[in-house]
1. Just the residues that are in contact with a Phe, Trp or Tyr (Cβ under 8 Å, 6 or more places away or on another chain), under 19 Å from residue 35 (Cβ atoms) and either among the acidic types (Asp, Glu) or part of a loop (DSSP other than H, G, I, E, B) (or both), please, taken from region 313-342.
2. Can you tell me how many residues within region 185-235 are surrounded by fewer than 17 Cβ atoms within 10 Å (Cβ to Cβ) and farther than 25 Å from residue 111 by Cα?
3. Note down all Cβ pairs under 7 Å where the first residue falls in region 158-179 and is without any contact (Cβ under 8 Å) to a residue 40 or more places away in the chain, the second is not in a helix (DSSP H, G or I) and not acidic (Asp, Glu), and they're at least six residues apart or on different chains.
4. Give the residue, chosen from 197, 212, that is farther than 25 Å from residue 263 by Cα and acidic (Asp, Glu).
5. Using the structure shown, decide if residue 257 is in a loop (DSSP other than H, G, I, E, B), in contact (Cβ under 8 Å) with a residue 24 or more places away in the chain and either surrounded by fewer than 16 Cβ atoms within 10 Å (Cβ to Cβ) or of a type outside the set (A, V, I, L, M, F, W, C) (or both).
6. Quick one: is residue 41 out of contact with any strand residue (DSSP E or B) (no Cβ under 8 Å at 6 or more places or on another chain) and not hydrophobic (A, V, I, L, M, F, W, C)?
7. All but one of (1) in contact with a strand residue (DSSP E or B) (Cβ under 9 Å, 6 or more places away or on another chain); (2) not in a strand (DSSP E or B) hold for residue 252; state the number of the condition that does not hold.
8. What are the residues in region 347-378 that are surrounded by fewer than 18 Cβ atoms within 10 Å (Cβ to Cβ), under 19 Å from the mean Cα position of the chain (by Cα) and part of a strand (DSSP E or B), if any?
Amino acid sequence: MKKAKWIISLFLISILLTSLLSGCAKNNKELVLGVVSPLTGSGAASGVIQLNGVKLAVEEINAAGGIETKDGKVKIKMVSEDDEGIPAKSVTVTQKLATQDKMDVMIGALNSSCTLADMQVTAKLKIPQFTPSSTAASITQQGNKYIFRNATPDPTHVASLFKYITQGLKAKNVAILYESTDFGMGGQKLIAEKAKELGVNVTANELYNSGEKDFSVQLTKIKNSNPDVILLWGYYAEAALIAKQMKQYGITQPLMGTGYNSPKLIELGQEAVNGIIFSTPFTAANPDKNVQAFLEKYRKAYNQDPDQNAAQAYDAVYMIADAVKKVGVDKEKIREYIAGMKNFPGVAGVTNFDDKGDVIKDLDLVRIENGKHTLVRY
């Protein structure tokens, strides 16, 4: 009899332990967040900054105990991969994150050509994907309901720049210098269309390859075309070299565009980049208290200034966390929640998405003066 009671007691204890352990498992769920960025190669500085923005948000959320849901706290497990800025590599690491690491949500990539490639993988596997950095217009024109872009798309950048060109500078002639990528060629097309719409003459269309060092041929043609403004669509490494070579060739027209809002631009270009104007949703020159608080946290963590890639990546994590808080760790429910998200208050501005997953957001124009950002007012 005593033996029977002892066995029953052990049985009840085992049930209790099983219940407690399953409860613990339930209340300690995990969201696997995959991140794809170029951590090596020509875009590494921007890729590292994007990753840092994600890490900062993840560390804050986990330090506070995780995401509070109706089923308990959810911690974020971040798994990062380097795609080197190469589309084929981006697809490979995205597949690894999806199949081996079992990611629930992805943030990335940086380069538009990489995002266009790897978003095919996430769509097929029904994994929600945020791109906080890729701006090529074609990304959200594929009918892919799993992609969300909280980086301001190129049409908005083009519109903001032309507003200043036509109203602020009263310019009538522009030359276009662009990179031979989806980002650069997409930008060139949009610039040409906007110029035609506004009656602005395009004096030159010059293409260069990523990693190119000598821009003498392109700059000579642009100089001879005598534009009022030069619109550059590319990244910081080439932008810094172009600014230096413009000085060498005595080209004094304003250099404007997007894609190179990075601390590396000033580091590489030094005094040659003074006067460059670019459009951006985030700048340290913005006095907003949320922006300044983020700047302070980022500088303390990484001993450098962030750019829009860091701020938008940081916001993307908090948008994902907001979705998980409301609907839990379910990929399809997360996608549905984000698709309907309205007026999300982030450090890179208030975010809304249209029906294609594209962000609706205002931009600032920034001029570099004495190595610092200043807001352009006109």
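The values are calculated or read from the model by the stated rules, or taken from the named source; none is laboratory data. Predicted, not measured: the structure shown is a model, and the values here were computed from it. Cβ: placed from backbone, ideal geometry, glycine included. Neighbour counts: every protein chain shown.
1. 315, 322
2. Selection size over region 185-235: 11.
3. 166/200
4. Numbers: 212 fails: farther than 25 Å from residue 263 by Cα.
Every option except 197 fails the conditions.
5. Details: in a loop (DSSP other than H, G, I, E, B): no; in contact (Cβ under 8 Å) with a residue 24 or more places away in the chain: yes; either surrounded by fewer than 16 Cβ atoms within 10 Å (Cβ to Cβ) or of a type outside the set (A, V, I, L, M, F, W, C) (or both): yes.
So residue 257 fails the test.
6. Details: out of contact with any strand residue (DSSP E or B) (no Cβ under 8 Å at 6 or more places or on another chain): yes; not hydrophobic (A, V, I, L, M, F, W, C): yes.
So residue 41 fits the description; yes.
7. (1)
8. 350, 352, 360
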